[in-house]
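Have a look at the structure below before the remarks.
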Ligand code: GUN
């Protein structure tokens, strides 16, 4: 079993981006990412802080816009409009989830597709489905890059995606079925209404898990030699840690990893790759905006 080391891969990508930023600074200025964080959900704060820190590391400008949990939908839309029209901002994200009183669909659609470095806007998802050049949503994009950099053979393989969310499962299934490398897989999407999920996962050469349930995938569900990608991230109480919690995924790592050819750890697998992808998308947006 070999680990798909997202932390090391993301560090290598950041290094490459930092070099490009040096050149960009000479011609048009550093890329500038803004992030809107609504409320004070601790996990969202951690993710957004990590994104801002990653910007600093590669030489990007970053702006964090913090809004209270009680902000109205209208105020948030106004902020989005400001960022859409601010030429200094190359790309921005609105961290999800949003409070219940705000319509996420409306917010996602308000972000200009040209600045949508999360790749969540329907125009960008549509382009992805058609194989057109676009901002691919950060987590699926990061997974494709990880598979590519580890030279994982995917052509003609059975790929099972657990989960059909708009931001992970669905784009992931589209990317893995496309005529690309990595890609060219026979893809099956399993979800909450799938009968007998293990009968599908046991056939998977590549198993991509984004079901949002801690430890959902057990050893008996996985084929010998499979490549397993775990997108889940859950905080579980752990008194031995200074923070009082540790992170685990959707896959029971101890049971599953001995059967795998490759597996992503949690933490240190998909998470850092998501951030690296966001930076790549922002660099791409900056090149388009500053030219
Ligand atoms: N919430 C969980 N993942 C993401 C992500 O990739 N982007 C944003 N904006 N919110 C998220």
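The values are calculated or read from the model by the stated rules, or taken from the named source; none is laboratory data. Here the structure is a predicted model, which means the values were calculated and not measured. Cβ atoms come from the backbone with ideal geometry, glycine included; neighbour counts cover every protein chain shown.
For the reader, a short list of remarks on this structure follows.
- Meets criteria (over 19 Å from residue 228 (Cβ atoms) and within 16 Å of the ligand (Cβ to nearest atom)) for residue 139: no
- Per this entry, residue 174 is not counted among residues that are away from the ligand (no atom under 13 Å from the Cβ), surrounded by fewer than 23 Cβ atoms within 10 Å (Cβ to Cβ), touching a residue at least 60 places away in the same chain (Cβ under 8 Å) and within 24 Å of residue 231 (Cα to Cα).
- Qualifying residue in segment 221-231 (condition: in contact with a strand residue (DSSP E or B) (Cβ under 6 Å, 6 or more places away or on another chain) and either surrounded by fewer than 19 Cβ atoms within 10 Å (Cβ to Cβ) or in a helix (DSSP H, G or I) (or both)): no
- Taking first residues from segment 123-137 that are under 15 Å from residue 111 (Cβ atoms) and partners that are away from the ligand (no atom under 16 Å from the Cβ) and not in a loop (DSSP other than H, G, I, E, B), the Cβ contacts under 6 Å between residues at least 6 apart in sequence or on separate chains come to 134/127.
- Highlighted here are the helices (runs of 4 or more DSSP H) found entirely within segment 1-100 that include at least 2 residues which are in contact (Cβ under 8 Å) with a residue 60 or more places away in the chain, surrounded by 18 or more Cβ atoms within 10 Å (Cβ to Cβ) and in contact with a strand residue (DSSP E or B) (Cβ under 8 Å, 6 or more places away or on another chain): 42-58.
Yes/no matrix, rows are residues, columns are (1) out of contact with any helix residue (DSSP H, G or I) (no Cβ under 9 Å at 6 or more places or on another chain); (2) assigned to a helix (DSSP H, G or I); (3) more than 16 Å from the ligand (Cβ to nearest atom):
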| position | (1), (2), (3) |
| --- | --- |
| 125 | no, yes, no |
| 129 | no, yes, yes |
| 135 | no, no, no |
| 155 | yes, no, yes |
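- Some residue of segment 234-249 being farther than 18 Å from residue 46 by Cα, within 22 Å of the chain's Cα centre (by Cα) and modelled with pLDDT of 95 or more: no
- Subset of segment 142-153 that is in a helix (DSSP H, G or I) and away from the ligand (no atom under 15 Å from the Cβ) - its residue that is farthest from residue 207 (Cα to Cα): 149
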